[in-house]
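The values are calculated or read from the model by the stated rules, or taken from the named source; none is laboratory data. For clarity, every value in this text was computed on a predicted model and none was experimentally measured. All Cβ positions, even for glycine, are placed from backbone atoms using ideal geometry, and neighbour counts span all protein chains on display.
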Amino acid sequence: MTAPSSFVPATNATAGAEATPIAFARTIVAAYQRVGRDASQALQLAQITPAELLRADGRMTARQMELLSGAAMQELDDEGLGAFSRRLPWGSYGMLARASLSAPDLGVALKRWCRHHGLLTGDIRLSVVSAGAQAAIVIDEHADLGAAREFTLVHVLRNIHGLACWFVDSRIPLQEARFPFAPPPYVAVFSILFAPAVAFGARRAELRFDARYLALPLRRDEAAMSQMLQRALPLTVLQYRRDRLLVQRVRQALAAQPLQTHSAEALAALLAVSARTLHRQLKDEGATLQGLKDEVRRARATELLLRTTRPIKQVAAAAGFLNEKSFIRAFRGWTGHSPAVYRQQANRAA
(Lines give C-alpha, C1' and ligand atoms only; values in the text may rest on other atoms or scores of the structure.)
Protein backbone atom coordinates (compact mmCIF):
# COMPACT_ATOMS: atom_id res chain seq x y z
CA MET A 1 0.00 0.00 0.00
CA THR A 2 1.30 3.42 -0.86
CA ALA A 3 1.74 5.48 2.24
CA PRO A 4 -0.65 8.33 2.98
CA SER A 5 0.95 11.71 2.46
CA SER A 6 -0.53 13.06 5.64
CA PHE A 7 0.37 12.39 9.20
CA VAL A 8 -2.21 10.10 10.76
CA PRO A 9 -2.58 10.58 14.50
CA ALA A 10 -0.82 7.69 16.18
CA THR A 11 -1.56 7.41 19.84
CA ASN A 12 1.32 5.54 21.37
CA ALA A 13 4.99 4.96 20.88
CA THR A 14 4.07 1.29 20.41
CA ALA A 15 1.92 0.56 17.42
CA GLY A 16 0.53 -2.52 19.18
CA ALA A 17 -1.05 -0.63 22.06
CA GLU A 18 -4.82 -0.36 21.77
CA ALA A 19 -5.14 3.30 22.66
CA THR A 20 -6.97 4.84 19.70
CA PRO A 21 -10.75 5.22 20.16
CA ILE A 22 -12.79 3.05 17.80
CA ALA A 23 -15.02 6.12 17.51
CA PHE A 24 -12.42 7.52 15.11
CA ALA A 25 -12.94 4.49 12.89
CA ARG A 26 -16.68 5.10 12.94
CA THR A 27 -16.06 8.66 11.73
CA ILE A 28 -14.05 7.31 8.80
CA VAL A 29 -16.77 4.80 7.94
CA ALA A 30 -19.30 7.64 7.98
CA ALA A 31 -17.18 9.43 5.37
CA TYR A 32 -17.62 6.41 3.10
CA GLN A 33 -21.35 6.36 3.71
CA ARG A 34 -21.79 10.02 2.83
CA VAL A 35 -20.56 9.36 -0.69
CA GLY A 36 -22.31 6.01 -1.06
CA ARG A 37 -19.15 3.93 -0.76
CA ASP A 38 -18.52 0.67 1.08
CA ALA A 39 -15.84 0.74 3.80
CA SER A 40 -15.69 -3.03 4.28
CA GLN A 41 -12.44 -3.49 2.37
CA ALA A 42 -10.67 -0.81 4.41
CA LEU A 43 -12.03 -2.26 7.65
CA GLN A 44 -10.88 -5.71 6.63
CA LEU A 45 -7.41 -4.38 5.84
CA ALA A 46 -7.27 -2.85 9.31
CA GLN A 47 -8.70 -6.06 10.84
CA ILE A 48 -11.60 -4.24 12.46
CA THR A 49 -14.71 -6.39 12.68
CA PRO A 50 -18.29 -5.03 12.54
CA ALA A 51 -18.75 -5.99 16.18
CA GLU A 52 -15.63 -4.12 17.24
CA LEU A 53 -16.73 -1.08 15.26
CA LEU A 54 -19.94 -0.86 17.29
CA ARG A 55 -18.33 -1.04 20.73
CA ALA A 56 -18.90 2.28 22.48
CA ASP A 57 -15.68 2.00 24.50
CA GLY A 58 -13.71 0.14 21.82
CA ARG A 59 -10.04 0.75 21.10
CA MET A 60 -7.74 0.00 18.18
CA THR A 61 -4.00 0.16 17.68
CA ALA A 62 -2.10 2.94 15.97
CA ARG A 63 -1.30 0.47 13.19
CA GLN A 64 -5.00 -0.25 12.63
CA MET A 65 -5.70 3.47 12.51
CA GLU A 66 -2.91 3.91 10.01
CA LEU A 67 -4.19 1.19 7.71
CA LEU A 68 -7.81 2.30 7.89
CA SER A 69 -7.21 6.00 7.36
CA GLY A 70 -4.60 5.40 4.65
CA ALA A 71 -6.95 3.18 2.70
CA ALA A 72 -9.82 5.63 3.13
CA MET A 73 -7.77 8.59 1.94
CA GLN A 74 -6.88 6.74 -1.25
CA GLU A 75 -10.28 5.17 -1.95
CA LEU A 76 -12.15 8.41 -1.28
CA ASP A 77 -9.36 10.55 -2.76
CA ASP A 78 -9.83 12.80 0.24
CA GLU A 79 -7.22 13.40 2.93
CA GLY A 80 -9.82 15.38 4.87
CA LEU A 81 -11.84 12.14 5.17
CA GLY A 82 -15.09 13.83 4.30
CA ALA A 83 -14.93 16.53 6.94
CA PHE A 84 -14.79 19.54 4.67
CA SER A 85 -17.16 20.97 2.06
CA ARG A 86 -14.60 20.14 -0.62
CA ARG A 87 -12.27 17.17 -0.90
CA LEU A 88 -8.59 17.38 -0.06
CA PRO A 89 -7.26 15.21 -2.90
CA TRP A 90 -4.67 12.53 -2.28
CA GLY A 91 -1.29 14.20 -1.79
CA SER A 92 -2.65 17.47 -0.39
CA TYR A 93 -0.85 17.33 2.95
CA GLY A 94 2.36 16.18 1.30
CA MET A 95 2.12 19.24 -0.95
CA LEU A 96 1.71 21.52 2.08
CA ALA A 97 4.76 19.97 3.71
CA ARG A 98 6.89 20.42 0.59
CA ALA A 99 5.77 24.04 0.23
CA SER A 100 7.01 24.76 3.76
CA LEU A 101 10.35 22.96 3.48
CA SER A 102 12.35 25.99 2.30
CA ALA A 103 11.37 28.13 5.28
CA PRO A 104 14.27 29.51 7.33
CA ASP A 105 12.79 28.48 10.66
CA LEU A 106 9.89 26.57 12.17
CA GLY A 107 7.77 29.66 12.75
CA VAL A 108 7.82 30.62 9.08
CA ALA A 109 7.25 26.98 8.03
CA LEU A 110 4.16 26.62 10.23
CA LYS A 111 2.71 29.95 9.15
CA ARG A 112 3.24 28.97 5.53
CA TRP A 113 1.59 25.57 6.12
CA CYS A 114 -1.40 27.22 7.79
CA ARG A 115 -1.80 29.78 5.01
CA HIS A 116 -1.65 27.11 2.30
CA HIS A 117 -4.14 24.94 4.18
CA GLY A 118 -6.60 27.80 3.74
CA LEU A 119 -6.24 27.43 -0.02
CA LEU A 120 -7.46 23.84 0.26
CA THR A 121 -10.51 24.57 2.37
CA GLY A 122 -12.13 27.59 3.96
CA ASP A 123 -14.08 25.52 6.47
CA ILE A 124 -11.35 25.98 9.05
CA ARG A 125 -8.58 28.52 9.42
CA LEU A 126 -5.29 27.57 11.02
CA SER A 127 -2.88 30.13 12.39
CA VAL A 128 0.21 30.41 14.56
CA VAL A 129 0.07 32.99 17.32
CA SER A 130 2.54 33.88 20.02
CA ALA A 131 2.38 36.03 23.13
CA GLY A 132 5.50 36.35 25.19
CA ALA A 133 7.00 32.98 26.01
CA GLN A 134 4.09 30.93 24.71
CA ALA A 135 3.05 30.09 21.16
CA ALA A 136 -0.05 28.31 19.88
CA ILE A 137 -1.39 26.65 16.77
CA VAL A 138 -5.08 27.47 16.66
CA ILE A 139 -8.06 26.42 14.56
CA ASP A 140 -10.97 28.76 13.93
CA GLU A 141 -14.01 27.02 12.49
CA HIS A 142 -15.87 28.77 9.67
CA ALA A 143 -18.25 25.94 8.83
CA ASP A 144 -20.20 23.25 10.62
CA LEU A 145 -18.00 20.14 10.66
CA GLY A 146 -20.92 18.03 11.85
CA ALA A 147 -20.37 14.63 13.42
CA ALA A 148 -16.77 14.58 12.16
CA ARG A 149 -15.85 17.69 14.14
CA GLU A 150 -14.01 16.05 17.02
CA PHE A 151 -11.99 13.68 14.84
CA THR A 152 -11.19 16.43 12.34
CA LEU A 153 -9.80 18.84 14.93
CA VAL A 154 -7.74 16.06 16.49
CA HIS A 155 -6.51 14.85 13.09
CA VAL A 156 -5.47 18.31 11.86
CA LEU A 157 -3.70 19.29 15.08
CA ARG A 158 -1.84 15.98 15.33
CA ASN A 159 -0.90 16.39 11.70
CA ILE A 160 0.72 19.79 12.08
CA HIS A 161 2.30 18.97 15.45
CA GLY A 162 3.89 15.82 14.05
CA LEU A 163 5.17 17.70 11.02
CA ALA A 164 6.59 20.47 13.21
CA CYS A 165 8.56 17.94 15.26
CA TRP A 166 9.83 16.28 12.08
CA PHE A 167 10.88 19.59 10.52
CA VAL A 168 13.22 20.44 13.42
CA ASP A 169 14.02 16.82 14.39
CA SER A 170 12.97 17.45 17.95
CA ARG A 171 10.26 16.74 20.43
CA ILE A 172 8.07 19.79 20.93
CA PRO A 173 6.42 19.21 24.30
CA LEU A 174 2.96 20.69 24.52
CA GLN A 175 2.12 22.86 27.49
CA GLU A 176 -1.62 22.53 26.93
CA ALA A 177 -4.18 21.36 24.40
CA ARG A 178 -7.65 22.95 24.20
CA PHE A 179 -10.77 21.75 22.46
CA PRO A 180 -14.17 23.39 21.88
CA PHE A 181 -16.22 20.33 22.76
CA ALA A 182 -17.19 18.44 25.89
CA PRO A 183 -14.93 15.67 27.22
CA PRO A 184 -15.69 12.46 25.26
CA PRO A 185 -16.09 9.06 26.95
CA TYR A 186 -12.49 8.21 26.00
CA VAL A 187 -11.13 11.44 27.47
CA ALA A 188 -8.00 9.69 28.81
CA VAL A 189 -6.75 9.24 25.25
CA PHE A 190 -6.24 12.97 24.85
CA SER A 191 -3.43 13.08 27.40
CA ILE A 192 -1.65 10.44 25.29
CA LEU A 193 -2.31 12.20 22.01
CA PHE A 194 -1.39 15.66 23.18
CA ALA A 195 -0.34 16.67 26.69
CA PRO A 196 -1.12 15.99 30.33
CA ALA A 197 -2.94 19.34 30.43
CA VAL A 198 -6.04 19.15 28.23
CA ALA A 199 -8.98 21.57 28.49
CA PHE A 200 -12.43 21.01 27.01
CA GLY A 201 -15.20 23.47 26.35
CA ALA A 202 -12.69 26.03 25.07
CA ARG A 203 -13.49 28.77 22.57
CA ARG A 204 -11.43 27.06 19.85
CA ALA A 205 -9.03 24.18 19.31
CA GLU A 206 -5.40 24.97 19.98
CA LEU A 207 -2.03 23.53 20.96
CA ARG A 208 0.20 25.63 23.23
CA PHE A 209 3.97 25.27 23.46
CA ASP A 210 7.18 27.16 24.21
CA ALA A 211 7.54 29.97 21.66
CA ARG A 212 11.30 29.42 21.39
CA TYR A 213 10.70 26.38 19.19
CA LEU A 214 9.49 28.72 16.45
CA ALA A 215 13.03 30.07 16.05
CA LEU A 216 14.62 26.66 15.45
CA PRO A 217 15.95 26.13 11.92
CA LEU A 218 14.51 23.34 9.78
CA ARG A 219 16.79 20.31 9.67
CA ARG A 220 15.26 18.45 6.71
CA ASP A 221 15.89 18.55 2.97
CA GLU A 222 14.05 17.37 -0.14
CA ALA A 223 15.57 13.88 0.05
CA ALA A 224 14.39 13.49 3.64
CA MET A 225 10.96 14.78 2.63
CA SER A 226 10.63 12.22 -0.17
CA GLN A 227 11.67 9.42 2.16
CA MET A 228 9.31 10.54 4.91
CA LEU A 229 6.32 10.68 2.57
CA GLN A 230 6.90 7.05 1.61
CA ARG A 231 6.75 5.82 5.17
CA ALA A 232 3.69 3.89 6.12
CA LEU A 233 2.73 6.23 8.87
CA PRO A 234 4.30 8.59 9.84
CA LEU A 235 5.07 10.92 12.34
CA THR A 236 4.36 10.28 15.93
CA VAL A 237 5.56 12.94 18.31
CA LEU A 238 6.56 10.35 20.90
CA GLN A 239 9.29 8.91 18.69
CA TYR A 240 11.42 12.03 19.11
CA ARG A 241 13.71 11.41 22.06
CA ARG A 242 15.68 14.58 21.44
CA ASP A 243 14.35 17.92 22.60
CA ARG A 244 16.49 20.63 21.05
CA LEU A 245 15.35 23.18 23.60
CA LEU A 246 15.75 21.00 26.67
CA VAL A 247 18.90 22.72 27.93
CA GLN A 248 17.21 26.11 27.72
CA ARG A 249 14.05 24.74 29.35
CA VAL A 250 16.08 23.28 32.21
CA ARG A 251 17.89 26.58 32.75
CA GLN A 252 14.58 28.43 32.79
CA ALA A 253 13.00 26.03 35.28
CA LEU A 254 16.01 26.13 37.58
CA ALA A 255 16.03 29.94 37.53
CA ALA A 256 12.29 30.41 37.88
CA GLN A 257 11.61 27.75 40.52
CA PRO A 258 14.82 27.10 42.49
CA LEU A 259 13.02 25.69 45.52
CA GLN A 260 10.99 23.21 43.45
CA THR A 261 13.89 21.83 41.39
CA HIS A 262 16.34 20.47 43.95
CA SER A 263 16.11 16.90 42.67
CA ALA A 264 16.23 15.47 39.18
CA GLU A 265 12.87 13.84 39.83
CA ALA A 266 11.19 17.12 40.76
CA LEU A 267 12.69 18.93 37.79
CA ALA A 268 11.76 16.11 35.41
CA ALA A 269 8.17 16.15 36.65
CA LEU A 270 8.04 19.90 36.06
CA LEU A 271 9.21 19.35 32.46
CA ALA A 272 6.86 16.38 31.92
CA VAL A 273 9.65 13.86 31.29
CA SER A 274 11.15 11.05 33.36
CA ALA A 275 14.35 11.64 35.32
CA ARG A 276 16.08 9.03 33.17
CA THR A 277 14.98 10.78 29.98
CA LEU A 278 16.11 14.11 31.41
CA HIS A 279 19.63 12.87 32.08
CA ARG A 280 19.86 11.07 28.72
CA GLN A 281 18.71 14.03 26.66
CA LEU A 282 21.01 16.44 28.47
CA LYS A 283 23.90 14.07 27.79
CA ASP A 284 22.93 14.02 24.10
CA GLU A 285 23.20 17.81 24.12
CA GLY A 286 26.61 17.73 25.83
CA ALA A 287 25.29 19.00 29.18
CA THR A 288 24.72 17.65 32.68
CA LEU A 289 22.07 18.54 35.20
CA GLN A 290 24.65 19.37 37.84
CA GLY A 291 26.52 21.60 35.43
CA LEU A 292 23.36 23.52 34.56
CA LYS A 293 22.43 23.81 38.22
CA ASP A 294 25.86 25.26 38.99
CA GLU A 295 25.60 27.68 36.07
CA VAL A 296 22.17 28.99 37.06
CA ARG A 297 22.86 29.10 40.79
CA ARG A 298 26.18 30.84 40.35
CA ALA A 299 24.66 33.51 38.12
CA ARG A 300 21.79 34.09 40.56
CA ALA A 301 24.00 34.14 43.62
CA THR A 302 26.53 36.50 42.03
CA GLU A 303 23.77 38.88 40.98
CA LEU A 304 22.30 38.99 44.49
CA LEU A 305 25.69 39.43 46.16
CA LEU A 306 26.63 42.32 43.90
CA ARG A 307 23.30 44.11 43.58
CA THR A 308 21.67 43.63 46.97
CA THR A 309 22.58 43.69 50.63
CA ARG A 310 20.69 40.52 51.47
CA PRO A 311 22.26 38.34 54.17
CA ILE A 312 24.24 35.34 52.89
CA LYS A 313 21.58 32.96 54.22
CA GLN A 314 18.88 34.65 52.10
CA VAL A 315 21.13 34.65 49.03
CA ALA A 316 21.68 30.92 49.50
CA ALA A 317 17.94 30.23 49.63
CA ALA A 318 17.18 32.47 46.65
CA ALA A 319 19.86 30.69 44.62
CA GLY A 320 18.26 27.33 45.33
CA PHE A 321 20.44 25.94 48.11
CA LEU A 322 18.95 24.04 50.99
CA ASN A 323 21.24 25.66 53.54
CA GLU A 324 23.89 28.34 53.92
CA LYS A 325 26.72 25.88 54.54
CA SER A 326 26.28 24.06 51.23
CA PHE A 327 26.04 27.40 49.42
CA ILE A 328 29.31 28.69 50.89
CA ARG A 329 31.07 25.45 49.99
CA ALA A 330 29.77 25.57 46.39
CA PHE A 331 30.55 29.27 45.97
CA ARG A 332 34.11 28.81 47.21
CA GLY A 333 34.51 26.02 44.63
CA TRP A 334 33.31 28.36 41.85
CA THR A 335 35.30 31.46 42.75
CA GLY A 336 37.95 30.50 45.29
CA HIS A 337 36.33 32.86 47.81
CA SER A 338 33.49 32.75 50.29
CA PRO A 339 30.37 34.74 49.35
CA ALA A 340 31.12 37.35 52.02
CA VAL A 341 34.71 37.88 50.83
CA TYR A 342 33.58 37.98 47.20
CA ARG A 343 31.05 40.71 48.03
CA GLN A 344 33.59 42.72 49.99
CA GLN A 345 36.18 42.59 47.21
CA ALA A 346 33.58 43.57 44.61
CA ASN A 347 32.42 46.52 46.73
CA ARG A 348 35.98 47.73 47.21
CA ALA A 349 36.70 47.46 43.47
CA ALA A 350 33.57 49.50 42.72
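Selection of the range 258-274 for residues being within 26 Å of Arg329 (Cα to Cα) and surrounded by fewer than 19 Cβ atoms within 10 Å (Cβ to Cβ) yields Pro258, Leu259, Gln260, His262, Ser263, Ala264, Glu265, Ala266.
Of all residues in the range 272-281, none satisfies being more than 30 Å from Ser191 (Cα to Cα) and of a type outside the set (A, V, I, L, M). Taken over the range 132-169, the criterion of being out of contact with any Phe, Trp or Tyr (no Cβ under 9 Å at 6 or more places or on another chain), farther than 17 Å from Gly122 by Cα and among the small types (Gly, Ala, Ser) is satisfied by Gly132, Ala133, Ala147. Here Gly107 fulfils each of the conditions (1) under 17 Å from the mean Cα position of the chain (by Cα); (2) farther than 19 Å from Gln175 by Cβ; (3) not hydrophobic (A, V, I, L, M, F, W, C) apart from (2). Looking only at residues in the range 158-196 that are part of a loop (DSSP other than H, G, I, E, B) and aliphatic (A, V, I, L, M), the one that is surrounded by the most Cβ atoms within 10 Å (Cβ to Cβ) is Ile172.
Hey, can you tell me all the residues within the range 314-345 that are of a type in the set (D, E, K, R) and loosely packed, with under 14 Cβ neighbours inside 10 Å? Reasoning before the result, please.
Narrowing the range 314-345 to residues of a type in the set (D, E, K, R): 324-325, 329, 332, 343.
Of everything in the range 314-345, those that are of a type in the set (D, E, K, R) and loosely packed, with under 14 Cβ neighbours inside 10 Å turn out to be Lys325, Arg329.
Close contacts from the range 116-144, counting a first residue that is under 16 Å from Asn159 (Cα atoms) and a second that is surrounded by 15 or more Cβ atoms within 10 Å (Cβ to Cβ) and polar (S, T, N, Q), with Cβ to Cβ under 7 Å and a gap of 6+ residues or different chains, come to Leu120/Ser92; Val138/Ser127. Residues of the range 197-214 that are within 15 Å of Ile172 (Cα to Cα) and of a type in the set (D, E, K, R): Glu206, Arg208, Asp210, Arg212. Scanning the range 112-146 for residues that are crowded, with 16+ Cβ neighbours inside 10 Å and in a helix (DSSP H, G or I) gives Arg112, Trp113, Cys114, Arg115, His116, His117, Leu120. Can you say whether Ala109 is part of a helix (DSSP H, G or I) and over 17 Å from Gly80 (Cβ atoms), as far as the supplied structure shows? Answer is yes for this residue.
Checking each residue of the range 291-309 against the condition of being closer than 23 Å to Ser263 by Cα and part of a loop (DSSP other than H, G, I, E, B) gives no match.
It is to be established whether one or more residues within the range 255-263 are at pLDDT below 80 and part of a helix (DSSP H, G or I).
Narrowing the range 255-263 to residues at pLDDT below 80: 259.
Remaining after also requiring part of a helix (DSSP H, G or I): 259.
There is at least one residue in the range 255-263 that is at pLDDT below 80 and part of a helix (DSSP H, G or I).
Could you please let me know if Ser102 is surrounded by fewer than 18 Cβ atoms within 10 Å (Cβ to Cβ), of a type outside the set (Lys, Arg), in contact with a Cys (Cβ under 7 Å, 6 or more places away or on another chain) and closer than 30 Å to Pro217 by Cα? No, not satisfied.
Please determine, by comparing only the residues of the range 34-64 that are within 23 Å of Ile160 (Cα to Cα) and polar (S, T, N, Q), which one is surrounded by the fewest Cβ atoms within 10 Å (Cβ to Cβ). Per the stated criteria, the residue is Thr61. When you scan the range 65-86, do you find a residue that is crowded, with 22+ Cβ neighbours inside 10 Å, among the aromatic types (Phe, Trp, Tyr) and in the same structural domain as Glu206 (by TED's automatic domain parsing), even just one? Among the residues of the range 65-86, not one is crowded, with 22+ Cβ neighbours inside 10 Å, among the aromatic types (Phe, Trp, Tyr) and in the same structural domain as Glu206 (by TED's automatic domain parsing), which makes the answer no.
Scan the range 65-80 for residues that are part of a helix (DSSP H, G or I) and not aliphatic (A, V, I, L, M) and jot them down. Break it down into steps so the answer makes sense when it comes.
Initially, the range 65-80 is screened for residues part of a helix (DSSP H, G or I), giving 65-76.
Matches in the range 65-80: Glu66, Ser69, Gly70, Gln74, Glu75.
Condition check for Arg297 on (1) over 30 Å from Ile192 (Cβ atoms); (2) surrounded by fewer than 19 Cβ atoms within 10 Å (Cβ to Cβ): one failure, at (2).
Residue pairs, Cβ under 8 Å, 6 or more apart or interchain, first in the range 309-335 and modelled with pLDDT under 95, second of a type in the set (Ser, Thr, Tyr) and part of a helix (DSSP H, G or I). List them. Pairs that qualify, where the first residue is modelled with pLDDT under 95 and the partner is of a type in the set (Ser, Thr, Tyr) and part of a helix (DSSP H, G or I), are Ala316/Ser326; Phe331/Tyr342; Thr335/Tyr342.
Report yes if Val154 is in the same structural domain as Ser130 (by TED's automatic domain parsing) and in contact with a helix residue (DSSP H, G or I) (Cβ under 8 Å, 6 or more places away or on another chain), otherwise no.
Values: in the same structural domain as Ser130 (by TED's automatic domain parsing): yes; in contact with a helix residue (DSSP H, G or I) (Cβ under 8 Å, 6 or more places away or on another chain): yes.
In short, yes.
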